[in-house]
Amino acid sequence: MSKQDPRCLNSNDTDCIERLTLCLEGLTDCLETTEKDQETVDVIRQIGESAIDCIEQSLASKQAEIDEIRKQVSAQAKANAENKKKIAQLEDKLADHIEHDANTRKRLTEVENKVETGITNSSEGQSSQSEDSDEDAATPSSSETTATSLEQVCALPENVAVENLTSNQKRARSIARRIKDYGKSVPAGIAITSTRIRDVLTAQEDKRVHRQTVQRVADFLKQFGDGGVDIKETRGGKTAVVFDDGLADDVTGVVTANEETAVTPGVV
């Protein structure tokens, strides 16, 4: 009778096999004492030993499967513990990112306030230089005061814009200055989709612009539009920035006027 590695069986399996073996030995001993022929005893012993071997092998196989399952459960438990640790670390990092983003937004707001203050001061300085002593010269200054923030930003000289505006504010300014070229006429005014904004900025910068950047540009356009710019969702599910016709005309007029004044007339 073959012997399995005892490490493959538990105590209950071993005890069961030992009892079966004793039973077989007792049976064969009994047959021998009853003067049964040796051949019959040997056949019965072989049948019994074969049955015990099968049972032993089956138990060993089941025990091996159980041991493998236990290993898998142990490995899974270890993996779960490691995952929980990683999740805790990620949660800590997320909390740090949230705090960092909040601080960044706070600084951005402060910068925007400074930029708006600088724009106002710059516009006032340009107005004071062009004012004459007579009463008629005060009229352009008055209309300039009522202009939207977007018109003022688009009217800034290029060097002033470069020095005072953030990267995304510059991007928003470049879109607004050519809104009639980039946008599409719709019943609500002139609309430009976020996809179109992304394509325009990608072409300008010769690199793919992130979606978050496009969203910030759209937010700046709405903020500077002073009610004349809105962000809407099209029927196709796309985000679009919509200029009302009046603001689009005003911005285009400011840009055109600046371009004309920037041309130095030739000497005749």
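Taken together, the values in this text are just the output of simple stated rules run on the coordinates, not laboratory data. As the structure is a prediction and not an experimental result, all values here were calculated from the model. With ideal geometry, Cβ positions are generated from the backbone for all residues, glycine too; neighbour counts draw on all protein chains shown.
Points to keep in mind about this one:
- Column: log10 I(q)/I(0), Debye, Cα scatterers of region 6-87, q = 0.11, 0.13, 0.14, 0.20 Å⁻¹: -0.49, -0.58, -0.63, -0.89
- Computed Rg/Rh of region 149-208, alpha carbon atoms with Kirkwood Rh: 0.99
- The distance between label points at Asp249 and Asn12 comes to 9.2 nm (points 7 Å beyond Cα on the Cα→Cβ vector).
- Hydrodynamic radius by Kirkwood, which averages 1/r over all alpha carbon pairs of region 148-262, in angstrom: 14.1
- Here the peptides 206-212, 52-58 are ranked by packing, the mean other Cβ count within 10 Å, and the order with the highest first is 52-58, 206-212.
- Set Lys207/Lys232; Lys180/Lys222; Lys62/Lys84 screened for pairs whose C-alpha atoms are more than 23 Å apart: Lys207/Lys232; Lys62/Lys84
- In this simple spin-label model, placing a label point 7 Å from the Cα along the Cα-to-Cβ direction at both Ala51 and Gln76 gives a separation of 3.8 nm.
- Under-5 Å amide H pairs with Val186, H placed in peptide plane, nonlocal only: Ala191
- Counting only Cβ charges, +1 for Lys and Arg and -1 for Asp and Glu, the dipole size of region 6-87 around its Cα centre is about 1340 debye.
- For the peptides 215-228, 79-92, 160-173, the ranking by packing is 215-228, 160-173, 79-92, with the highest mean count of neighbouring Cβ atoms within 10 Å listed first.
- Euclidean distance of C-alpha centroids, region 70-100 and region 173-217, integer Å: 41
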